[in-house]
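What follows is a set of notes on a single structure, which appears directly below.
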Amino acid sequence: MRRFLTGAALCAVATPLAAAAQTAPAPKPTTAPTEATTQPVSDGRIATVPVPASPPATGYPEAASGYGAKAGGRFYLARWAEDWSFLRDASKRTGKLDALKFIPLAGDGDVFLTLSSEQRLRHDTTTSPGLHAGRDTNTILFRNVVSADLHVGEHFRAYGELASGVQGGGYFGAVTPVQRNDLFVQELFAEVKGIVGDGIEAGARIGRQDYQDGPLQLVSIQENPNMHITFDGVRLYANGRKARVGLFDLRYTRLGIDAFDDPTDRTRRFAGATGSVVVPPSVFGGSKLYLDPFFYYLRNRNQHWGAQTAREERRFWGARLWGDIGPMNLDVSVNRQTGSYDNRAISAYQAFAAQTFALGAVTPTAPRVGWRADFGSGGGAFGTGKLRSANVLFGTAPYFSYGTFLGPSNFLDVAPSFSFTPLKSVRALAEVAFVWRNDERDAVYSGVGGAYLGTQNVSGHAVAQLARMMTTWTANTHLSFTIRAEYLRADKVLTRAGYSNALFTGVWTTIRF
């Protein structure tokens, strides 16, 4: 199986590259709010927020419907979010591959199938892995994803997605199921929906699915590794023109390395409620803003803090305000965390804020200056009494560190940034982050929530500085290339505990149809 997948990786990359180079030219960038602006988003890409491929079925703005980030053109990172029904009109088809996006199975076109695929070939290197001097990691990653979306009339659909991943290289550390997976049912759900009341669309998704409705620092599809994070359960929603609400009850998927060994993880539950309200444009004089309150419940029977593993029940109460006000783009969210860990009370909180400003005309290619600041409480993980260490849930770690060196627990950072378009279809970002910790008695934490052991025993608040650069070239509708680099300069807290500087580089190509 591993040899087959490795061979398939080479074929999958070589063949579409030649075909993709002859496809339609790159689409013009979209101009919707958050990710009428171009800016860095959760996994470090530079993207735009979703703009509908056709008039959305719901009256609520698609950009704020909780579908997650868009990957470019009409593609989403979560492929189930795409709506290709407009291709029922053959005159709207612009390429040969459009025939695979709308395959009529009935004469009137009410029953149709959409096929999708993605291949990504990636190479990562990291010096001083784990922030300890030692042999550099050299990792080659490949993923292949295929999906089918069956629509039966206006009220029913079934969506399925298979994924596989290869992890190799000269030296890449431990084999992990998020990177190597022979075959994984990544998504498999049924959805029913309809119009109720005065134009309100209501529906339910039942089965295996991703979840991205909320601040990207807390919840995401986890685009960075080969395998996405998914769940088994049910999600309910009701969408109006000015507001929407959602309820969900999910269990994590427990990943394995072999084919079809990814069962439901009964030890971890994720449930809650989310909403979104369109802020009246007149409030800020022509703004396009959304206010998204949320409540999350997390239960983990094997949560690790300090030197202990125990049951944790944690509740997240928060809200996000985001969108555009003229040339300014903003994204601000706060959350309060309560609950219990091994019969100890939890009292934690986080705050995330980001702003960018267009220089000159507000266009997707305009240069932008900006900043972000992030705060996550800490304390109690290596002691007794209240636990004040903030939980990172399953947000996208590269938002804070491309190399996942650092994450938002016992954390404070400030990062000025500059993004620009040096060449047509090329977007670049430069950023410098200054990082401190809040509680000297708590550890410094990585982007995946692991503690750097020993840091809880040294004094100081200065953790590190991170210099980051990223460039993305959108060659055409289906093909893109990304280069990413990050240098961590260890400051007093890390050096006193024996940790060192590190450099991460990553380069990859992605093909989608």
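Assorted remarks:
- Of all residues making up segment 388-428, the number that are closer than 20 Å to residue 440 by Cβ and of a type in the set (A, V, I, L, M): 4
- One residue from 338, 356 being open to solvent by less than 30 Å² (accessible area, probe 1.4 Å), of a type in the set (Val, Ile, Thr), touching a strand residue (DSSP E or B) at 6+ places or on another chain (Cβ under 6 Å) and closer than 27 Å to residue 437 by Cβ: 356
- Of everything listed in (1) at pLDDT 90 or above; (2) open to solvent by less than 20 Å² (accessible area, probe 1.4 Å); (3) assigned to a loop (DSSP other than H, G, I, E, B), the single unmet condition for residue 42 is (1).
- If only residues of segment 130-158 that are assigned to a loop (DSSP other than H, G, I, E, B) and open to solvent by less than 60 Å² (accessible area, probe 1.4 Å) are counted, the one that is modelled with the lowest pLDDT is 134.
- Close pairs (7 angstrom Cβ cut-off, 6 or more residues apart or separate chains): closer than 26 Å to residue 243 by Cβ in segment 294-306, among the hydroxyl-bearing types (Ser, Thr, Tyr) anywhere: 294/274
- Scanning segment 473-494 for residues that are assigned to a strand (DSSP E or B) and closer than 17 Å to residue 401 by Cα returns 482, 483, 484, 485, 486, 487, 488, 489, 490.
- Lone unmet requirement of (1) over 26 Å from the mean Cα position of the chain (by Cα); (2) within 15 Å of residue 215 (Cβ to Cβ); (3) among the hydroxyl-bearing types (Ser, Thr, Tyr) for residue 282: (2)
Listed here are the residues, each with its yes/no results for (1) of a type in the set (Ser, Thr, Tyr); (2) more than 29 Å from residue 182 (Cα to Cα); (3) under 22 Å from the mean Cα position of the chain (by Cα).
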{"residue": "97", "(1), (2), (3)": "no, no, no"}
{"residue": "104", "(1), (2), (3)": "no, yes, no"}
{"residue": "114", "(1), (2), (3)": "yes, no, no"}
{"residue": "123", "(1), (2), (3)": "no, no, yes"}
{"residue": "127", "(1), (2), (3)": "yes, no, no"}
{"residue": "130", "(1), (2), (3)": "no, no, no"}
{"residue": "141", "(1), (2), (3)": "no, no, yes"}
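- Just one of (1) open to solvent by 40 Å² or more (accessible area, probe 1.4 Å); (2) part of a strand (DSSP E or B) fails for residue 176. It is (2).
- Subset of segment 439-466 [open to solvent by 50 Å² or more (accessible area, probe 1.4 Å) and not basic (Lys, Arg)]: 440, 448, 453, 457, 459, 461
- Single condition residue 510 does not satisfy, out of (1) open to solvent by 10 Å² or more (accessible area, probe 1.4 Å); (2) assigned to a strand (DSSP E or B); (3) of a type in the set (Val, Ile, Thr): (1)
- Residues being part of a loop (DSSP other than H, G, I, E, B), open to solvent by 20 Å² or more (accessible area, probe 1.4 Å) and small (Gly, Ala, Ser) - total across segment 231-269: 1
- Any hit, segment 219-230, residues being in contact with a helix residue (DSSP H, G or I) (Cβ under 9 Å, 6 or more places away or on another chain) and in a strand (DSSP E or B): no
- Residue within segment 91-102 that is at pLDDT 85 or above, in contact with a helix residue (DSSP H, G or I) (Cβ under 7 Å, 6 or more places away or on another chain) and of a type in the set (Asp, Glu) present: yes
- Being modelled with pLDDT of 95 or more and touching a Gly at 6+ places or on another chain (Cβ under 7 Å) holds for only one residue in 269, 205, 244, and it is 244.
- Scan of segment 405-435 for residues that are open to solvent by 40 Å² or more (accessible area, probe 1.4 Å) and in a loop (DSSP other than H, G, I, E, B), ordered by number: 424, 425
- Count of segment 162-187 residues, restricted to those that are among the polar types (S, T, N, Q) and in contact with a Pro (Cβ under 9 Å, 6 or more places away or on another chain), is 2.
Conditions tested, residue by residue: (1) crowded, with 21+ Cβ neighbours inside 10 Å; (2) out of contact with any Pro (no Cβ under 8 Å at 6 or more places or on another chain); (3) of a type in the set (Ser, Thr, Tyr).
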{"site": "69", "(1), (2), (3)": "yes, no, no"}
{"site": "79", "(1), (2), (3)": "yes, yes, no"}
{"site": "85", "(1), (2), (3)": "no, yes, yes"}
{"site": "125", "(1), (2), (3)": "no, yes, yes"}
{"site": "160", "(1), (2), (3)": "no, yes, no"}
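The values are calculated or read from the model by the stated rules, or taken from the named source; none is laboratory data. This structure is a prediction, so every number in the text was calculated from the model and none was measured. Cβ sites come from the backbone with ideal geometry, for glycine too, and all protein chains shown count toward neighbours. Areas reflect the complete protein model, heavy atoms only, side chains present, ligands, DNA and RNA absent. Shrake-Rupley method; radii C 1.70, N 1.55, O 1.52, S 1.80 Å.
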